[in-house]
Amino acid sequence: MKKALAVTILFLFTGQLFSQKVKSNLEKMTTTKEHYTFQLSDKVTRQKVHFKNRYGITLSGDLYLPKNVGNEKLSALAISGPFGAVKQQSSGLYANQMAERGFAVIAFDPSYTGESGGEPRNVASPEINTEDFSAAIDFLGLQKNVDKNKIGIIGICGFGGFALNATAIDKRVKAVATTSLYDMTRVMSKGYNDSVIPEQRTKTLENLGQQRWKDAERGKPTDGPRNLPETLKGNEPQFVKEYFDYYRTPRGFHVNSVNSNGAWLITNPIAFMNMPILSYVKEISPRPMLLIAGENAHSRYFSEDIFKVANEPKELLIIPNAVHVDLYDKMDIIPFDKLESFFRANLK
């Protein structure tokens with residue numbers, strides 16, 4: 001069973017799980033790029049912004065600011081995730097809530113996805129996606145109403161791992177929090193609960209090598225099949241059903257989201273297969289770390305394992321009865337009061 005789950009979760013994030021050709025049925029779902037999956041607070045303003053990362057890729061973000069703050073210098077947060085999502089989904093919801101609590105917040109689309117630049121489309125990189133966070137820090141620190149010495153990061157799902165990696169290398173980040181953390185390099189290379197056996201890993205690498213020959217011959221990379229199916233058959237793993245319930249329903253669907261409406265390139269896993277991003281997580285200390293995970297989340301072990309190896313100060317908060325995607329958008333479950341108190345105490 002664990003081996004089957006390992007292969008399933010690997011394929012979900014590489015766009016190879018559901019190979020059938022389907023016709024989208026998006027009734028009751030908003031399919032415009034301007035659509036947001038949450039309501040903007042009447043206490044907050046939102047402005048589209050653009051900034052470049054160190055590789056020259058132009059990133060698209062939304063800057064959320066609390067209204068009526070005058071000339072006060074604000075503490076700030078950079079937020080991104082989940083892996084395969086866009087800023088109109090979870091990261092924007094988090095930004096909206098944290099701005100309502102008095103922070104300047106940017107939610108951004110990672111390189112090669114959403115409204116951000118980069119070619120080819122729908123590809124991820126542990127190095128570049130880590131850099132995306134530091135580029136967001138660059139942007140925030142240049143804002144006249146932001147105190148550049150009081151900037152933190154929130155990473156959701158797979159961007160929780162990149163958030164920790166960015167914090168380890170970028171000493172400008174004063175505090176970091178993650179929700180429903182995923183270490184994408186670990187899960188792609190080792191599978192769920194590290195259960196991929198050497199033969200499976202070898203076969204995956206062989207297939208990726210053969211795909212590179214095909215892509216080189218045709219002169220461009222090949223898109224994988226769509227990440228999530230049109231409908232569920234009923235025999236999928238529970239975590240796939242939970243992802244479907246968010247990304248493929250009006251609850252969280254967005255036309256720009258890879259997980260809602262697209263697929264990763266088939267060769268997307270290559271950069272993740274031998275590049276562990278959290279080798280230096282101990283170097284986040286003495287800056288504080290808050291790890292938040294659902295009690296019943298299939299991903300809970302990522303947060304628990306990082307908590308074990310990280311140095312103090314650190315805190316692990318397990319949300320009773322919650323599953324992975326509950327921390328994407330469930331307002332009665334996401335501990336925003338805790339996030340507010342954590343950053344207020346540590347961005348100083």
So the FRET efficiency between Q47 and S285, C-beta based with R0 = 25 Å and rounded to 0.05, is 0.10
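Mean projection of the alpha-carbon convex hull of the chain over all orientations, in nm²?
For the chain, the mean projected area of the Cα convex hull comes to 16.8 nm².
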Relative to the first principal axis of the alpha-carbon coordinates of the chain, what is the inclination of helix 126-141, with its axis defined by its Cα atoms, in degrees from 0 to 90 and to the nearest 10?
20
Rounded to the angstrom and largest first, Cα extents along the principal axes for the range 94-221 equal 51, 35, 25
Net charge of Cβ neighbours under 10 Å - reference S60; Lys, Arg +1; Asp, Glu -1:
-1
Accessible area of the range 75-161 divided out per residue, in Å², using a probe of 1.4 angstrom
21
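Restricting to DSSP H runs of at least four residues, report the calculated mean residue ellipticity at 222 nm for the chain, -39500 (n - 2.57) per run over all residues, nearest 500 deg cm²/dmol.
After summing the helix terms and dividing by residue count, I get -10500 deg cm²/dmol.
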In whole µm²/s, the translational diffusion coefficient that Stokes-Einstein assigns to the range 104-168, given a Kirkwood hydrodynamic radius over C-alpha pairs, 10 °C and 1.306 mPa s, equals 128
Under a Cβ-only charge scheme (Lys and Arg +1, Asp and Glu -1), can you give me the dipole magnitude of the chain about the Cα centre, in debye to the nearest 20?
320
Could you state the angle between the C-alpha long axis of helix 90-100 and the longest principal axis of the C-alpha atoms of the chain, as a value from 0 to 90 degrees rounded to the nearest 10?
10
Treating only the Cβ atoms of Lys and Arg (+1) and Asp and Glu (-1) as charged, compute the dipole magnitude of the range 240-294 about its Cα centre; round to the nearest 20 debye.
60
Under 18 Å from the Cα of K67 - lysines, other chains or at least 8 residues apart:
K43, K48, K144
Which trypsin sites (Lys or Arg not before Pro) in the range 199-290 pass both tests, a DSSP loop state and at most 16 other beta-carbon atoms within 10 Å?
K233, R251
Given the chain, what percent of its DSSP beta bridges are antiparallel, to the nearest 5?
35
Anchor K308: lysines whose Cα lies under 17 Å away (excluding residues fewer than 8 positions away in-chain):
K282
Determine how large the accessible area of H50 is when every protein chain is in place; take a 1.4 Å probe and give Å² rounded to the nearest 10.
120
Over the chain, what relative contact order in percent results from Cα pairs under 8 Å that are six or more residues apart?
21
Based on the Cβ-Cβ distance from N321 to N193, what FRET efficiency comes out when R0 is 22 Å, to the nearest 0.05?
0.55
Among A163, Q210, V240, flag the residue with its Cα farthest along the positive direction of the charge dipole of the range 153-256, charges on Cβ as +1 for Lys/Arg and -1 for Asp/Glu.
A163
At most 13 other Cβ within 10 Å, DSSP loop - GluC sites (Glu not before Pro), the range 295-348:
E295
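The values are calculated or read from the model by the stated rules, or taken from the named source; none is laboratory data. Bear in mind the structure is a predicted one, so any value in this text is a computation, not a measurement. Here Cβ is always computed from backbone atoms with ideal geometry, including for glycine, and neighbour counts include all displayed protein chains. In case anyone asks, the SASA skips ligands and DNA or RNA and just uses the protein heavy atoms, side chains included. Shrake-Rupley method; radii C 1.70, N 1.55, O 1.52, S 1.80 Å.
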